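Quick note: the coordinates plus some simple rules give every number you see, no bench work behind them. A quick note: this is a predicted structure, and the numbers were derived from the prediction, not measured. All Cβ positions, glycine included, derive from the backbone under ideal geometry; neighbour counts span all protein chains shown.
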Amino acid sequence: MKFLSLNTHYRAALVLIIMAGVLVATAILANRSDFTSAALVVSGLVCLLTGIFFATLSGSDPLDLRYLSLLPVQNSINLSRVCADLGIQGNASIVPKGRDGRTRTMLFLPVADYNGAPLPMDSFVMEKDAAGLLMEPACAPLIQLLREKEQLSIPSDMVALHGLIRELGVEVLELADQVHSTQEGDILTVKMEEYRLISGCRAMTLESLRCCTANPCPICSLFATVFAEGTGNIIRIERCAPDPKKSTVNAVFSILPA
């Protein structure tokens, strides 16, 4: 069982080292002192050096993404259930910092359709034109770390924003093999192909399609936050749907009027 728990690189290194011992032992036991024996010794040394190389440079296996993708799921489902019990039926919206004098980007969960009306600073919003819950988005710790460690800077140009979305998804976070970000009018679409956290998306949509729009996960809220802070507009989550067969996710956002 201990051998089976090693990752493939360490197992390969162990096999190579064993083969090196077998080859050298064969050359010594044969005691022929000819070209064949020399070839066995050289082959053994090559196997030994290669095995040491594999063992030295191979790290442990990363976390299984099937498990990792499920970590935020139940929390999102729980908050979605609370929202449903409170009568909160509108789609979540990202309110960028600077809007209404805010120093932080916030997530607004409206009771009904929200048109971008000014919001107070309180967590419980009971305004005439807007009612609901106001809190920090699920991506808040992630985007803070990106700013500290990756010097994340969000541009205001839409073309640059699309490039940043692709860079975050593919190169920085390595969430997907391909990330495509497009705009048609006020609609923004992010398509992630070979999305590595697809198991979490499917678990949430299995509970309800409303989970993603009522309380978006850290990744969808990250993309929405990038668009919100870049454009200075409120971004509403319209839809997020994983493909039932492929590891592809389509997230759709809308830009609310300023």
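Some notes on this structure:
- In the calculated pair-distance distribution of the chain, the portion above 31 angstrom amounts to 41 percent of the Cα-Cα pairs.
- For the chain, Cys with no neighbouring Cys Cβ under 4.7 Å: Cys47, Cys83, Cys139, Cys201, Cys211, Cys217, Cys220
- Ordering Pro141, Met204, Val226 by the projection of their Cα atoms onto the charge dipole of the chain, which places +1 on the Cβ of Lys and Arg and -1 on the Cβ of Asp and Glu, puts Met204 at the extreme positive end.
- Dipole size of the chain about its Cα centre, with +1 on Lys/Arg Cβ and -1 on Asp/Glu Cβ: approximately 640 debye, rounded to the nearest 20.
- Helix-only [θ]222 nm of the chain, DSSP H runs n ≥ 4, -39500 (n - 2.57) each, per residue, nearest 500: -13500 deg cm²/dmol
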